[in-house]
1. Pull up region 93-127, narrow it to residues that are β-branched (Val, Ile, Thr) and open to solvent by less than 80 Å² (accessible area, probe 1.4 Å), then point me to the one that is farthest from residue 61 (Cα to Cα).
2. Which residue is nearest to residue 105 (Cα to Cα), if the candidates are limited to region 130-151 and must be assigned to a strand (DSSP E or B) and within 29 Å of the chain's Cα centre (by Cα)?
3. Those residues that are touching a Cys at 6+ places or on another chain (Cβ under 6 Å) and at pLDDT 85 or above, I need them from region 130-161; list them, please.
4. Tell me, please, whether a residue that is open to solvent by 70 Å² or more (accessible area, probe 1.4 Å), at pLDDT below 50 and not hydroxyl-bearing (Ser, Thr, Tyr) can be found in region 4-14.
5. Here is a check on your reading of the model: is residue 142 of a type in the set (A, V, I, L, M, F, W, C), surrounded by 10 or more Cβ atoms within 10 Å (Cβ to Cβ), under 30 Å from residue 177 (Cα atoms) and touching a helix residue (DSSP H, G or I) at 6+ places or on another chain (Cβ under 7 Å)?
6. Kindly indicate whether residue 68 is in contact (Cβ under 8 Å) with a residue 24 or more places away in the chain and within 17 Å of residue 46 (Cα to Cα).
7. With the requirement that a residue be polar (S, T, N, Q), outside any strand (DSSP E or B) and modelled with pLDDT under 90, what does region 74-129 give you?
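The values are calculated or read from the model by the stated rules, or taken from the named source; none is laboratory data. On a predicted model such as this, the values are computed, not experimentally measured, just so you know. Virtual Cβ from ideal backbone geometry, glycine too; neighbours counted across all protein chains shown. Note: areas computed on protein heavy atoms with side chains; ligands, DNA, RNA excluded. Shrake-Rupley method; radii C 1.70, N 1.55, O 1.52, S 1.80 Å.
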Amino acid sequence: MTHRQRLSMLVAMLIVALGLATTGAGTAAVAAPKAQAAAVPSAPVTGSFTDASGGTGAFAGTFTPTSFADQNGSLVATGTLTGTLTDSAGTTVGTVDQSITTPAAIAQATCRILDLTLGPLHLDLLGLVVDLNQLHLVINAVSAPGNLLGNLLCAIAGLLNPLPSAGVLAALLNLLLALLSGA
């Protein structure tokens, strides 16, 4: 799969995931010029490390992507990692504020379609007795490339969710425009 195909797939999945394909809200926003840069959403980053005393320290911070690129056939994100390292005693031992490049992937989305629980059931149908203990039926749709039914059902299930705020939509669309113009 080429870099352009991956970007096109990312654009399509984001538009479907946000419900823009059915509301039409994305059409005007995509055509608008990039005159205003919206705030880019950050992702939380947490981790642990062994501190000088042998205890477990913690890292808490955020990753803010600034660009995406094709690196040896793989999609990578470059951005700023900021955070704080705290030792096992709760003392801050350092801070991080640096640019990093990390592999980026489209997460496989799972959408709950049906979660049905039936209690015990006893039927006596003209001498035919059916006893059924508790039944728990869960149907999930998996949204991923090539999963046509899963993609469709996740998109339909997503129509009932409220749309994200305009700032988040603008930030996503600006990122997508930047990706497409640089590809």
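1. So the first thing to find is which residues in region 93-127 are β-branched (Val, Ile, Thr), and the list is 93, 95-96, 100-102, 106, 110, 113, 117.
Restricting the remaining residues to those that are open to solvent by less than 80 Å² (accessible area, probe 1.4 Å) gives 96, 100-102, 106, 113, 117.
On the way: 96: 8, 100: 13, 101: 16, 102: 15, 106: 22, 113: 34, 117: 40 Å.
Applying the filter and picking the extreme gives 117.
2. From region 130-151, those assigned to a strand (DSSP E or B) are 130-132, 135-143; that's our starting set.
Okay, now just the ones that are also within 29 Å of the chain's Cα centre (by Cα), so 136-143.
Working: 136: 33, 137: 31, 138: 27, 139: 25, 140: 21, 141: 19, 142: 16, 143: 14 Å.
Only one residue fits best here, namely 143.
3. Correct list: 141 only.
4. no
5. When the stated conditions are applied, residue 142 passes them.
6. Spelling it out, it is not the case that residue 68 is in contact (Cβ under 8 Å) with a residue 24 or more places away in the chain and within 17 Å of residue 46 (Cα to Cα).
7. Residue satisfying the conditions is 108 alone.
Residues are listed down the side, and each one gets a yes or a no for (1) among the aliphatic types (A, V, I, L, M); (2) free of Cβ contacts under 8 Å to residues at least 40 places away in the same chain; (3) out of contact with any helix residue (DSSP H, G or I) (no Cβ under 6 Å at 6 or more places or on another chain); (4) under 25 Å from residue 173 (Cβ atoms):
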{"site": "48", "(1), (2), (3), (4)": "no, yes, yes, no"}
{"site": "76", "(1), (2), (3), (4)": "yes, yes, yes, yes"}
{"site": "80", "(1), (2), (3), (4)": "no, yes, yes, yes"}
{"site": "89", "(1), (2), (3), (4)": "yes, yes, yes, no"}
{"site": "127", "(1), (2), (3), (4)": "no, yes, yes, no"}
{"site": "135", "(1), (2), (3), (4)": "yes, yes, yes, no"}
{"site": "148", "(1), (2), (3), (4)": "yes, yes, yes, no"}
